[in-house]
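Student: Dropping a structure here in structure tokens format, bear with me for questions.
The values are calculated or read from the model by the stated rules, or taken from the named source; none is laboratory data. As the structure is a prediction and not an experimental result, all values here were calculated from the model. Backbone-built Cβ (ideal geometry, glycine too); neighbour counts: all protein chains shown.
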Amino acid sequence: MSGALHSYGANRRLGLLFALSFCLLAGCIDRSTEGKTSVYTYSLSLVVTALVGGMALIYFGFSPRPGEPRLRGYFSIVLGLVLMAVAVPALRTDRVEVDPEHFTSTHGPPWNLLHHDVHFKALREIRIEVTEKAFRYQRRKDYALVCRFKSGNEEKVPVGNVMQDAVGQILSIAEQRRIRLVGVELLPQAMRPR
């Protein structure tokens, strides 16, 4: 009997190890070019990883270890369903497009997508805004591009995961078009104009 329990636990640990290693091997952001337009999206392998992770959680929820509380299994099933119903669609809809005339950013959960469309010819200035958030043992910086238009209006474009890879290209085009850039030194080196 103890051999069967040992085998069950080993298989479960092996499955978790496989899922974690797959997550680590998956890339994060893909950049493709369509004519003069650069398109940034989450990598398909990351989407597949989230989908497989959700299915693994559901599987482990339906096959709890002997002696494990049923509530933990239910929690695993719910978490897997949420991952598949929310995270996977959100990963597929986050998108940034950049061309010499404008950039667009679409992000957020599927039921509340935010879309920004900023034309360079209408811009007077792009200011970098940084907010720091403190968590238990670390601090995280969130960035945003505050776009000031010649009309006097402003639009704040958050720099999410997909947008981080596009910021350098956006700021390079703005610099070529002689749009004033403020606070570029606040950005990490990878996000600065190239």
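Student: For the condition among the polar types (S, T, N, Q) and more than 20 Å from the chain's Cα centre (by Cα), what is the one hit in 176, 164?
Tutor: 176
Student: Among the residues of the range 144-158, which ones are in a strand (DSSP E or B) and surrounded by fewer than 22 Cβ atoms within 10 Å (Cβ to Cβ)?
Tutor: Result: 144, 146, 148, 149, 154, 155, 156, 158.
Student: So which residues in the range 41-55 are part of a helix (DSSP H, G or I) and within 12 Å of residue 93 (Cα to Cα), if there are any at all?
Tutor: Residues satisfying the conditions are 44, 47.
Student: Another one. Identify, please: which residue in the range 56-79 is in a helix (DSSP H, G or I) and small (Gly, Ala, Ser) and is, among those, nearest to residue 91 (Cα to Cα)?
Tutor: That would be 56.
Student: Could you list, in sequence order, the residues of the range 132-158 that are within 23 Å of residue 90 (Cβ to Cβ), modelled with pLDDT under 95 and touching a strand residue (DSSP E or B) at 6+ places or on another chain (Cβ under 9 Å)?
Tutor: Matches in the range 132-158: 133, 140, 141, 142.
Student: Which condition does residue 66 not pass, out of (1) on the phi < 0 side of the Ramachandran plot; (2) free of Cβ contacts under 8 Å to residues at least 60 places away in the same chain; (3) not assigned by TED's automatic domain parsing to the domain that holds residue 174, if it passes all the others?
Tutor: Condition not satisfied by residue 66: (2).
Student: I've got another one for you. Can you name the number of the only condition in (1) of a type outside the set (A, V, I, L, M, F, W, C); (2) under 18 Å from the mean Cα position of the chain (by Cα); (3) outside the structural domain of residue 59 (by TED's automatic domain parsing); (4) farther than 23 Å from residue 35 by Cβ that residue 127 fails?
Tutor: Tallying (1) of a type outside the set (A, V, I, L, M, F, W, C); (2) under 18 Å from the mean Cα position of the chain (by Cα); (3) outside the structural domain of residue 59 (by TED's automatic domain parsing); (4) farther than 23 Å from residue 35 by Cβ, residue 127 fails exactly one: (2).
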